[in-house]
1. When the residues of the stretch 238-261 are filtered to those that are assigned to a loop (DSSP other than H, G, I, E, B) and within 17 Å of the chain's Cα centre (by Cα), which remaining residue is nearest to Asn135 (Cα to Cα)?
2. Which residue, of Glu212, Glu176, is of a type in the set (Asp, Glu) and closer than 21 Å to Asn87 by Cβ?
3. If you check Leu173, Leu191, Leu155, which single one turns out to be at pLDDT below 95 and not aromatic (Phe, Trp, Tyr)?
4. Looking at Ile123, Ile65 in this structure, which one is in contact with a Ser or Thr (Cβ under 7 Å, 6 or more places away or on another chain) and either surrounded by fewer than 21 Cβ atoms within 10 Å (Cβ to Cβ) or of a type outside the set (S, T, N, Q) (or both)?
5. Would you check which residues across the stretch 121-165 are assigned to a helix (DSSP H, G or I) and within 25 Å of Ile107 (Cβ to Cβ) and list them?
6. Output the qualifying pairs, or none if there are none: Cβ atoms under 8 angstrom, residues six or more apart or on different chains, first residue in the stretch 72-90 and under 13 Å from Val193 (Cα atoms) and touching a residue at least 12 places away in the same chain (Cβ under 8 Å), second residue surrounded by fewer than 16 Cβ atoms within 10 Å (Cβ to Cβ) and not aromatic (Phe, Trp, Tyr).
7. Return the residue satisfying two criteria in turn: it lies in the stretch 72-100 and is assigned to a helix (DSSP H, G or I) and in contact with a strand residue (DSSP E or B) (Cβ under 8 Å, 6 or more places away or on another chain), and of such residues it is surrounded by the most Cβ atoms within 10 Å (Cβ to Cβ).
8. For Ser175, work out the one condition from (1) in a helix (DSSP H, G or I); (2) in contact (Cβ under 8 Å) with a residue 60 or more places away in the chain; (3) small (Gly, Ala, Ser) it doesn't fulfil.
Amino acid sequence: MKLLSFTVSFILLFTACQTHQKINSPLNYQITGSGTRTLVFVHGWGINQTYWEPQVAAFKDRYKILTLDLAGHGQSKVTRTEWTMQNYANDVVDLINQLKVDSIILIGHSMSGDVGLLVNEKISSKIIGFIGIDNLQELGTDLPDSAKAQSEMILKMFDEDFVNTVNQFAPSLFSETTDSTIRKRVVNDILNVDHKAAAATLQSVFLTSSMERKLCEKLQVPLMLINSDIHPINEGLLKIHCKKGYKIFLVRGTGHYPMIEAPKEFNDRLNEALNAI
């Protein structure tokens, strides 16, 4: 009887381990929770999957959750020569396919709004919800020539003197009330990313943003946006290009990182968005 009991226990344990067995991916990832729907959280430029910890803790009892470090970020130490939004999206698609994940609610922060749109273009049949976090406010609006010249100058600064340029522009990422520990965390994480990769990624962000309108038109689900209220959102463009509709949920007074700056309010807005899917 004891042998039988041990055998059954071993089989159950082995099966459970098999369910979460790591696959061959260049990306560091974590699977948490359980549910028929999977939340796939994709972080923004220069940071990593730990920024989603308040959300994982809040939603793991209702959903399966996949978090990941994009290539060259966090613990995903990837060497490549081209750092593009398309390559980031390909990595995410490959991970999703290897893990055989379906019924996905894709949640992308900052530049990963664009990464997410490219992911959707490739595997839209798996996507049942799409949530952007503090992004897509202007949906691919072309910059005037003067602003383009300024952007090119800024990109050159990042390429030639990454550390000083990050420190110079970091204040624009935060609100006046952003806690100093969060400011230090974000800046430190950005500075710990491979500098050449980060600078090249920014170049791709500027190039990909011009595609946002066409990519949004390929969404088969409504676009949900959870954004800080300190930046205006061009709803006119959303009305034109979000063929399945859109909804906006605002978090009050945060900077670019509402998920860690105001986790309670952010989670409330995220819960509202999820309930609308």
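1. His256
2. Values: Glu176 fails: closer than 21 Å to Asn87 by Cβ.
Of Glu212, Glu176, the one residue that is of a type in the set (Asp, Glu) and closer than 21 Å to Asn87 by Cβ is Glu212.
3. Leu155
4. Ile65
5. Initially, the stretch 121-165 is screened for residues assigned to a helix (DSSP H, G or I), giving 121-126, 145-160, 162-165.
Listed by number, the residues that qualify are Glu121, Lys122, Ile123, Ser124, Ser125, Lys126.
6. Gly72/Arg80; Ser76/Pro26; Val78/Pro26
7. My answer is Val92.
8. (1)
The values are calculated or read from the model by the stated rules, or taken from the named source; none is laboratory data. Quantities reported herein were computed from a predicted structural model and do not represent experimental measurements. Neighbour counts run over all protein chains shown; Cβ positions are idealised from the backbone, glycine included.
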